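The structure appears right after this line, and notes come after that.
The values are calculated or read from the model by the stated rules, or taken from the named source; none is laboratory data. The shown structure was predicted, so the numbers you read here are calculated from the model rather than taken from an experiment. All Cβ positions, glycine included, derive from the backbone under ideal geometry; neighbour counts span all protein chains shown. These accessible areas exclude ligands, DNA and RNA; they are computed on the full protein's heavy atoms, side chains included. Shrake-Rupley method; radii C 1.70, N 1.55, O 1.52, S 1.80 Å.
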Amino acid sequence: MTGQDREEHLELLHGFVEEGLEMLEEVEPQLVEMEKEFAGGGAVDPDVVHGIFRLFHSLKGSAGYLGLETISRVTHQAETLLDFFRRGVAVLRSDHIDLMIRTCDFLRQLLENVEMRRHDQGFESEARGILEDLGRAIAAVQGGAAEEAPRPEVPVATEAQAAPPEASPEASEGDGLQLVITGDMVQQFQAESQELLEQAEEALLNLEKDISNAEHVGRAFRALHSFKGNAGLFGYADLERLSHQAETVLENVKEGRAAAGSEVFSLLLEVLDVLRSTLVRMAQGGDSAIPGLLGWISLLQEAAATAPVDAPPAEVSTPEIPAAVPPPVLDAAPVDALPAAESEATPAAEYSGPERRASQERRSGGDRRKDEALQRQSVRVDVDKLDTLLDLVGELVIAEAMVAQNPDLKTAGLSLDRFDRAVMHLEKISRDLQDVVTSMRMIPLSGTFRRMIRLVRDLAQKAGKKVELEIIGEETEVDKTVIEQINDPLVHLIRNAIDHGLETPAERAAAGKPEVCRVFLEAKYVGSEVWITIRDDGRGLNREKILAKARERELIAGDGPDLSDEQVWPMIFLPGFSTADRITDVSGRGVGMDVVKRNIDNLRGRVEVRSRQGEGASMILRLPLTLAIIDGMVVRVERARYIIPTISIQETLQPEDCYLTRTMDGQELLNIRGKLLPIVRLHELFHLGGAGRDLSRGLIIVVENEGRSLCLFVDELIGQQQVVIKGLSGYIGELPGVSGCTIMGDGEVSLILDVAGLFNLAQGNEGSQRRPAALPPPRRRGQAESEAMHIQIQA
Amino acid sequence: MSEKDRLNEDLLEAQDQEDAQEGKYLTFALGREEYGIEIRHVTEIIGIQNVTDLPDMPNFIKGVINLRGKVIPVIDVRLRFAMAEREYDERTCIVVVNIRNAAVGLIVDSVSEVLDIPGDQIEPPPMVRKGQGSRYIEGLGHVGDTVKILLNISNLLHEEELEQISEAAVA
């Protein structure tokens, strides 16, 4: 078994085991109850029979595509038996209940084994015992009509085939089918299908690079096959037909019966897109019909037939015969119907020591984490509940501040030692609670990152460039909101890199670079931030072009040669700012970078650009780990209190006259270790009075944003605390220099300053700078908490 | 029991009878005149409290307050109607209204009562002046010998001052 296979199935297996155990837990007490009632001469509740039938049916479905053969076979048999009682064909007896309980016990054993060892083998003799018992019971209730009783050796059919026979009796009876497929199951189907399609896509992309790699074919094939099976189970005929046809093409490619050119892969990838978009439509309440299905199918049939050698038409339908299809097992090698021979030799040893074996595996190195991941217990929770929990924690932080900073405590003469200790304790707990809640909302970036593989492939092909994408740190977890918002920026940045940043093979050869371009997509934690970096080894940003464009748009005064790179690069994020000479259908309209900036701002993150002429560029998206609570410095200006995000604060200092310069237009500059930084008096900025106050009567806070610094003059530093960000009302819209507000310990509202916005505001007030062409209209509700999106260029 | 507590109870009672909300108005005073707003817009009445200033806002947007953990903007209705500003006192109230899913507080001199004003007692707004005022007037309600100026809350809160806000933002 290869490590890759294991990893792919890990999540699925984990979910399966969890779900299975859950279902067993639900059914077992019912069985026991039923047995009791039976003993008391009571009647059987048909609902319970339905329930148990559903359990076995779902387990069978999942086990089938996970390649868990034993479970699949046992559940199939049990299902067959139950069907008789469910349809009222036969009467349930107490020995049947006993058999069901034994089956449940055995299934639990198997599930536990799956959790430990990721497969369900090594129980062949027990399995045979149960299967034979079930078979006998079936034969008995059928009144000896043995031809329908499946023998234990018969491998279980895939779900696709299993579904129709069940559907018909239910349909005629009119009460079964709706019960079998629940909304939950459809949701599960959606999630799994997306995953499977992603797997198939990844495998196809790998396969395209390395056509001879049988492993990739196998993976793509298995993923598609499982998808087909699921679609069949749910009766999505179009999905099933299309995936079946795609599978056939792959099968033929695998067997060398069909040509394996890049057109084939493009076609298959397109088909995956069609399947995916159909799923999306279904999730939005649409039906499962695929427009143009027949067209796709005939294209696929053509592809399947473009054989290097003669392809007998009969072979095309091969996958329909279940026996010919290797069940999608974990192991790459096909599994025989009864792989008992080797396992049976040591069943006792394996059975008695799963734990020991698991721990050995854990110690044995690389797999350690995966094993633990599999054994981790988890509960599925509604996202709304998580959101509510996060809100509540926010309220808790506010309430805590209300207690800790309660004005009543200021009463003179109170001894607060013990109180302070208790508050410290409370603060620690609420911080821990915050961490836990935050971590609950974290999702790995892998899904988002992997989608980029396909994007890079398509774009590179279109642009005629050779590009290799390397993904680093895809396991990095970020908040759910980040996942939702990060996709578009990544797409735009990667498009930009490939379309503008990277050179054609010829250009690269001329520059003495390797022909193949490299793009890195990396995620990592840095302090309390997540950094997502898109790095390429292309030609880098063109400083002259950017400056020329800035001059053209009158964003800078003069030629701007004295601007530092840190000041030049962010200009590319201004709306409509594109230096591309021509607009391709990929990029160049100057919209993309604006989207990047906007989404990252929404996440209260920042974009850093690094570039070296001829060597490549990096875009670093720096995002905060939590989105709702920040560390802030509370300052007082006259009667008002403001919060400055601690992350933007470089230092605080008491200004001294000798370091002060005042220009003729009244701008004050403070010399801090040789750097002259403008002073912004918050009093004046926010019209609070106190004009011309002596700087020595207050404090200077040096804040930094995108490589620039300025000094904020405030009256007093009150202290540092965690603040819960609340949006200003949608009614207010966006306030320049303010990113949101928070409720302080005394119940009053304080504004959170937006440092980037302050730079704009300060410059606007000085009147020495043009503001960007247009400010955005008042924002929608809920966006107010984001920072201002515009960057002002400082000359 | 203060006026506003009593009125809050009246409000709750009137709002409980869903179908009977029609034709019910909360009346409040600004200077010598009495005004009315439909009670279906009114959430509650609270006393005046500390308002946090917002920079660069039109003068009638006084700022924001903390309403049990929610931050809502408050508007001084006097200033909205370009009337003279007046010191807030213990009778000053904030009427919290909910328009287009946003809660907004309206600062008024004092609240009066919840009144039934049947449709046939309401005159259309005066057509005399095309100016500022009449856009905010929904109608004029006769109650006995008195006249209540019934306000169009939606116009009061939105339209024009949205422009003002965006102007303020651009300026």
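Anything over 30 Å Cα to Cα? Flag those among A:Lys428/B:Lys70; A:Lys480/A:Lys545; A:Lys410/A:Lys726; A:Lys524/A:Lys726, in the order listed. Mind dumping the intermediate values first?
Working: A:Lys428/B:Lys70 25 Å; A:Lys480/A:Lys545 37 Å; A:Lys410/A:Lys726 28 Å; A:Lys524/A:Lys726 28 Å.
Too far apart for the 30 Å limit: A:Lys480/A:Lys545.
Please report the net charge: other residues with Cβ closer than 10 Å to the Cβ of A:Ala404, K and R +1, D and E -1.
-3
With θ set to phi - 60° and the Karplus curve 6.51 cos²θ - 1.76 cosθ + 1.60, what are the ³J(HN,Hα) couplings of segment A:501-517 in order, to the nearest whole Hz, using x for Gly and Pro?
With the stated coefficients, segment A:501-517 comes to x, 8, 9, 6, x, 5, 4, 5, 4, 5, 8, x, 9, x, 4, 7, 6 Hz.
How about A:Lys228: which lysines have a C-alpha closer than 29 Å to its C-alpha, ignoring those fewer than 8 places off in the same chain?
A:Lys60, A:Lys209, A:Lys254, A:Lys370
Apply the a/c threshold of 1.5 to the C-alpha gyration tensor of segment B:3-170 and tell me whether it is rounded, prolate or oblate.
Verdict is oblate for segment B:3-170.
If you average 1/r over every pair of different alpha-carbon atoms in segment A:209-277 and take one over that average, what Kirkwood value in Å do you get?
12.3 Å
I'd like the Karplus ³J(HN,Hα) series for segment A:260-268: coefficients 6.51, -1.76, 1.60, θ = phi - 60°, whole numbers in Hz, and an x wherever there's a Gly or Pro.
10, x, 6, 5, 4, 5, 4, 4, 4
Largest first, what is the accessible-area ranking of A:Ile725, A:Ile752 with a 1.4 Å probe? Intermediate results must be reported in sequence, preceding the final value.
Working: A:Ile725 25, A:Ile752 5 Å².
The most accessible residue leads, giving A:Ile725, A:Ile752.
Taking 0.36 nm per residue of sequence separation and subtracting the Cα-Cα distance, how much length would be gained by fully extending the chain between A:Asp565 and A:Leu426, in nm to one decimal?
This chain segment gains 45.4 nm when fully extended.
Quick one: putting +1 on the C-beta of Lys and Arg, -1 on the C-beta of Asp and Glu, what dipole do you get for segment B:3-170 around its Cα centre, in Debye to the nearest 20?
Taking the Cα centre of segment B:3-170 as origin, the dipole is about 460 debye.
From the protein chains alone at 1.4 Å, what is the descending order of accessible area for A:Asp133, B:Asp109, largest first?
Sorted by accessible area, descending: A:Asp133, B:Asp109.
With every protein chain kept in the model, how would you rank B:Ser2, A:Ser611 by accessible area, 1.4 Å probe, largest at the top?
Largest accessible area first, the residues go B:Ser2, A:Ser611.
So who's got an amide H within less than 5 Å of the one on B:Ser110, skipping anything under 5 residues away but keeping other chains? H placed 1.01 Å off N, in plane.
B:Ala29, B:Cys93
With a 1.4 Å probe, what is the total accessible area buried between chains A and B, in Å² rounded to the nearest 100?
Separately minus together, A and B give about 2100 Å² buried.
In 5 Å bins starting at zero, report the fraction of Cα pairs in segment A:682-760 per bin as a rounded %.
For segment A:682-760, the binned pair fractions read 3, 12, 20, 24, 24, 13, 4, 0 percent.
Nearest 0.05, what FRET efficiency do B:Asn98 and A:Lys385 give at R0 = 25 Å with Cβ-Cβ as r?
The computed FRET efficiency comes out at 0.45.
At a probe radius of 1.4 Å, what is the per-residue accessible area of A:Glu656, in Å² to the nearest 10?
For A:Glu656, solvent-accessible area is about 110 Å².
For A:Leu541, list long-range residues whose amide hydrogen, built 1.01 Å from N in the peptide plane, is under 5 Å from its own amide hydrogen.
Amide H to amide H, under 5 Å and 5 or more residues apart or across chains, A:Leu541 pairs with A:Arg612.
Amide H of A:Ala90: which non-local residues (sequence gap of 5 or more, or other chain) have their own amide H closer than 5 Å, using H built in the peptide plane?
Answer set, sorted by chain and number: A:Phe85.
For labels at A:Ser266 and A:Val595 in the simple 7 Å Cα→Cβ model, what's the distance in nm?
Distance between the two pseudo-spin positions: 2.3 nm.
Output ³J(HN,Hα) for segment B:93-101: one whole-Hz value per residue in order, computed from phi by the Karplus curve 6.51 cos²θ - 1.76 cosθ + 1.60 with θ = phi - 60°, and x for Gly and Pro.
Once θ is set to phi - 60°, the couplings for segment B:93-101 become 10, 10, 8, 8, 10, 10, 10, 6, 6 Hz.
Work out the FRET efficiency for A:Arg610 and A:Asp417 from their Cβ-Cβ distance, taking R0 = 51 Å, and round it to the nearest 0.05. All intermediate terms of the calculation are to be shown ahead of the outcome.
Values: r = 51 Å, r/R0 = 0.99.
It comes out at approximately 0.50.
Can you list the GluC sites (Glu not before Pro) in segment B:1-91 that are in a DSSP coil and have 16 or fewer other beta carbons within 10 angstrom?
Within segment B:1-91, the qualifying GluC sites (Glu not before Pro) (loop, at most 16 other Cβ atoms within 10 Å) are B:Glu22, B:Glu85, B:Glu87, B:Glu90.
Other chains near A:727-738: what is the mean number of their Cβ atoms within 10 Å of each residue's Cβ?
Average per residue, whole number: 6.
A:Asp746 label point, 7 Å along Cα→Cβ, cut-off 13 Å on backbone N: hits in segment A:397-420?
A:402, A:405-411
Compute, for B:Tyr88, the solvent-accessible surface of its heavy atoms (probe 1.4 Å) with the complete set of protein chains present, and express it in square angstrom to the nearest 10.
Per-residue accessible area (B:Tyr88): approximately 80 Å².
Provide the solvent-accessible area of A:Asp417, counting protein heavy atoms only and rolling a 1.4 Å probe, rounded to the nearest 10 Å².
Number for this one is 110 Å².
Going 7 Å from the Cα of A:Ser696 toward and past its Cβ, which residues in segment A:661-682 have a backbone nitrogen under 19 Å from where you end up?
A:661-662, A:668-672
What distance in nm separates the two pseudo spin-label positions at A:Arg673 and B:Glu22, each 7 Å out from Cα along the beta-carbon direction?
7.3 nm
Distance between the C-alpha centers of segment B:53-77 and segment A:63-101? Whole Å please.
Centre-to-centre (Cα) distance: 66 Å.
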